[in-house]
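Comments concern the structure below.
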Amino acid sequence: MASASASALLRVSRARLFTPSFCSRSFPASSTKLSPPSFANTTYRSLSGSSAFRSVPRWSHGVHWRSPLSLRAQIRATAPAIERLHRKFSSMAAENPFKENLTSLPKPGGGEFGKYYSLPSLNDPRIDRLPYSIRILLESAIRNCDNFQVKKEDVEKIIDWENSSPKQVEIPFKPARVLLQDFTGVPAVVDLACMRDAMNKLGSDSNKINPLVPVDLVIDHSVQVDVARSENAVQANMELEFQRNKERFAFLKWGSNAFQNMLVVPPGSGIVHQVNLEYLGRVVFNTSGLLYPDSVVGTDSHTTMIDGLGVAGWGVGGIEAEAAMLGQPMSMVLPGVVGFKLSGKLRNGVTATDLVLTVTQMLRKHGVVGKFVEFYGDGMEELSLADRATIANMSPEYGATMGFFPVDHVTLQYLKLTGRSDETVSMIEAYLRANKMFVDYKEPQQEKVYSSYLQLDLTDVEPCISGPKRPHDRVPLKEMKSDWHACLDNKVGFKGFAIPKEAQENVAKFSFHGQPAELKHGSVVIAAITSCTNTSNPSVMLGAALVAKKACELGLQVKPWVKTSLAPGSGVVTKYLLKSGLQPYLNQQGFHIVGYGCTTCIGNSGDLDESVSAAISDNDIVAAAVLSGNRNFEGRVHPLTRANYLASPPLVVAYALAGTVDIDFDKEPIGKGKDGKDVYFRDIWPSTEEIAEVVQSSVLPDMFKSTYESITKGNPMWNQLSVPSGTLYSWDPNSTYIHEPPYFKNMTMDPPGAHGVKDAYCLLNFGDSITTDHISPAGSIHKDSPAAKYLLERGVDRKDFNSYGSRRGNDEVMARGTFANIRLVNKLLDGEVGPKTVHVPTGEKLSVFEAAEKYKSAGQDTIVLAGAEYGSGSSRDWAAKGPMLLGVKAVIAKSFERIHRSNLVGMGIIPLCFKSGEDADSLGLTGHERYTIDLPDDISKIRPGQDVTVTTDSGKSFTCTVRFDTEVELAYFNNGGILPYVIRNLIKQ
């Protein structure tokens, strides 16, 4: 029966590949025959609120989402040049080699939930020792195994994790869905829109271009705190947000209508990671009767927050995300896993924020870059789901790929609280138990094997904050005053401001709207309850409200020149603050709700009052910001706050009341009450029991249901955005934000085929450690840059340049910003630092963009020479797209950062590695030569990792390794990149 069912599933999978819809109906529990979805029952995922036929399910977790599918059904249609791949794929990928492991999951009352690939049925004792996070990778590899994109050898590598992970082996991974925010989502939707145009020009059905896995895009990065301390702040800030971003928002709204399998959550709904936790996270998918674990990659580093729900998720760059959308596997190193054992219980008055800052410091010290961290132990039962999510959220700050909490009873309780149906929760528990992915702490625990171990007794955690410039510089609250004075004394650095002793007591007196005011070093000028890290946690949010209530009752008041704000991560927070009756106390202290988005945590803190700004600048005051965020790097929160501290929401309120970080809360009063008596920290700090009582009475399941029902209706400003109704985008040639990229210009159905490089010039000659920050446009647009010139020529004033980030949807701007980093060190410039290069034929010194254009106009190819670790740092899609648009055909380096190498392949650029012990200098290469790379024209004659010969016109010849690491990457190269590859396969399918 299992075999027959497997064959049926595989037939359906092949039949449905690239179908532009997803099924929203349930299959009969007793049926083993799975039929294709009826278009009459298709549900479109859109939040436009403008079209009746695009109804969004009231509660999306009941939807049976389209599963991530491989491209195995179309590869046979590729061009004759890859016939060898056809034959191999046809013979090896006809069906999943693990089809015999497909097992029925029975329902308690009869029938079945569906079928699943069973790990226990493999009968391999090594699986019982695997960390839970690795089991998710294993299940994905088994389910997607086709012996082309995912091979049986990959499955064996994962099963043998204990031995293979120390060897840094690579595996493919196909996540179940993709998560985007608006900054990173715009270029992804631009690419999809451009692919549709290419399909149309080639005479095919452009509607075939749709994500193969669910894609959720939450608009949360654009709202700024322009208006604060006002009942009208939410509305006023949203109006300004729409004024600034109308063109970008309209484009995303068009995308939400034009693409199926894509959900766009409008501005004003919440922060992407909190919405993911409360609403989007499935934990277990049931796709047309096939059950499998939820997993997600997102184009935001804090995607890891979902790990607290037992969903494997982490941040990736744009090209990886687009590839995952289109059914391509991600290549990743099989990670080591650090086992983090928790015991005991948090003491009274200690918050989840205190815990996460402690954990961050411990893990940073231990060293967890590129690894998973998996939490376990008796202390897990004492942590709420929201507490776990807080810890998982800060994975980027402690350096791990994931901070993973396996699913247990606490997870199931949270799923019910947030409105997931009883049947859904029952299915999740049954599947995870059956597949050995559920932790039941009431049962004896089998010892797991981890790469290394850490332990923390929760009773040892004490109140703390982190700063003044890094998230992992934790300061116990009782030591804060002495630490602050040490920072004033210390030389300039992460823990120093070098303020002379005689200047440390300086006072800046000024007038604030007619009221006498003063600032000192350490004065708090921004106090923000913000960020997904904490606003998703009812205990700390209601704790902050209780602090405000006690302060109001005692007669304390935040000084009016402190810019206070409250930016919840979802509308649920507003509902429980109102239900508790505590929001008025927050308002009284100036913590009015300002919007639903990232705000201060990503630097969208808005301007300070002019009088405050002048007092800081004129008197060189080291002013402080205290925020409940996750990052506090200097210059990030606000240009005028040199000291920035991460703290729990209740502590944010406490420091706002104190007006300074230069205080010992144990010994010094926060202020004087209405009776003239001193009020201390202990007088306003709520007990753990007080908070728990309010959480119990105020946080209710209906709040989650009603909140997420309403976001499907959009909001008036979003609904009034006028967008074209067509499935092809009407590009505006005058737009400086959204522009049609030239990726598919002159594309034909015949792949360009493999090719070498002949007589190419060297565009840039680099040393070691060139990062994606050097390559990819980031930050503000310099007034003298090629990008600035482009904008000025199109009537954009300097004040309206905005950032490269906001213009990621315009390839003309981004290409001009590629290699435009002012700290670029290019050996062709003989020691000069800056974004220039030498045009070798003429000897002219030009901007990199101008030189590249000159080479292109002359029909001359270019290459880049580089040292070790080329492309390290944050993964950025434009670090590969930009060089491709500049005409770069190959990069020859000592070594590549893993993700950047795959991004180069995805954009059709050849990555080559010098042989061990060799580099450009040792070979006597100056960059003034012309380079020929001898690659066969027939893709079938190229093998992954083979040697190739590079010759120069100066008579030098050397051997390199071509870094196409898999046969799938060879197929990408043959097609000129991943996106053309997908288009041709779609058309021929």
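Cα centroid distance between segment 555-596 and segment 913-967, in Å? Segment 555-596 and segment 913-967 have Cα centres spaced 61 Å from each other. Were the residues from GLU693 through HIS409 laid out at 0.36 nm apart, the gain over their Cα-Cα distance would be 100.1 nm. How much net charge surrounds HIS221 when only the other residues with a Cβ under 9 Å from the Cβ of HIS221 are counted, with Lys and Arg +1 and Asp and Glu -1? Neighbour charge sum, excluding HIS221 itself: -3. Here the simple spin-label model places points 7 Å from the Cα toward Cβ, and for LYS167 and THR951 these points are separated by 3.8 nm. Each peptide in 825-833, 952-960 was scored by the mean count of other Cβ atoms within 10 Å over its residues; highest first, the order is 825-833, 952-960. Give the label of the value calculated from the structure for Kirkwood radius over Cα pairs in Å, choosing from (i) 33.2; (ii) 31.9; (iii) 29.5. Of the listed options (i) 33.2; (ii) 31.9; (iii) 29.5, (iii) comes from this structure. Heavy atoms only, probe 1.4 Å: what % of the accessible area of segment 99-167 goes to carbon and sulfur, would you let me know? Carbon-and-sulfur percentage of accessible area, whole number: 48. Local charge for SER570 was computed over the other residues whose Cβ lies under 11 Å away, with Lys and Arg +1 and Asp and Glu -1, and equals -1.
Taking the protein heavy atoms of segment 325-454 in the context of the full set of protein chains, the accessible area attributed to carbon and sulfur is 49 percent at 1.4 Å. Where both bridge residues fall in the chain, DSSP classifies roughly 45% of the beta bridges as antiparallel. Proximity of backbone amide H atoms, modeled 1.01 Å from N, is registered between ALA643 and ALA623, ALA625 at under 5 Å, excluding neighbours fewer than 5 places apart on the same chain.
Pair-distance distribution of segment 99-167: all C-alpha pairs, bin width 5 Å, starting at 0; shares per bin in whole percent are 3, 16, 24, 23, 16, 9, 5, 3, 1, 0. Going by accessible surface with a 1.4 Å probe and the largest first, GLU969, GLU170 read GLU170, GLU969. Packing, as the average of other Cβ atoms within 10 Å across residues, places the peptides 498-506, 410-418, 686-694 in the order 410-418, 686-694, 498-506, highest first.
In this view, the solvent-accessible surface of LYS783, computed with a 1.4 Å probe and all protein chains in place, comes to about 100 Å². For the chain, the relative contact order works out to 13 percent when only alpha carbon pairs closer than 8 Å and six or more residues apart are counted. Protection proxy ranking of 457-465, 320-328, by the mean of other Cβ atoms within 10 Å over each peptide's residues and highest first, is 320-328, 457-465. Of the two radii for segment 922-989, the radius of gyration is 1.11 times the Kirkwood radius, both from the alpha carbons; that is the Rg over Rh value.
The apolar share of the surface of segment 757-972, taken as the fraction of accessible area on carbon and sulfur atoms (1.4 Å probe, ligands and nucleic acids excluded), comes to 44 percent. Calculated over segment 122-217, the projected area of the Cα convex hull averaged across directions stands at 8.6 nm².
The values are calculated or read from the model by the stated rules, or taken from the named source; none is laboratory data. If you're wondering where the values come from, they're calculated on a predicted model, not measured in any experiment. A quick note on method: Cβ atoms are made from the backbone with ideal geometry, for glycine too, and the neighbour counts reach across all protein chains shown. Areas reflect the complete protein model, heavy atoms only, side chains present, ligands, DNA and RNA absent. Shrake-Rupley method; radii C 1.70, N 1.55, O 1.52, S 1.80 Å.
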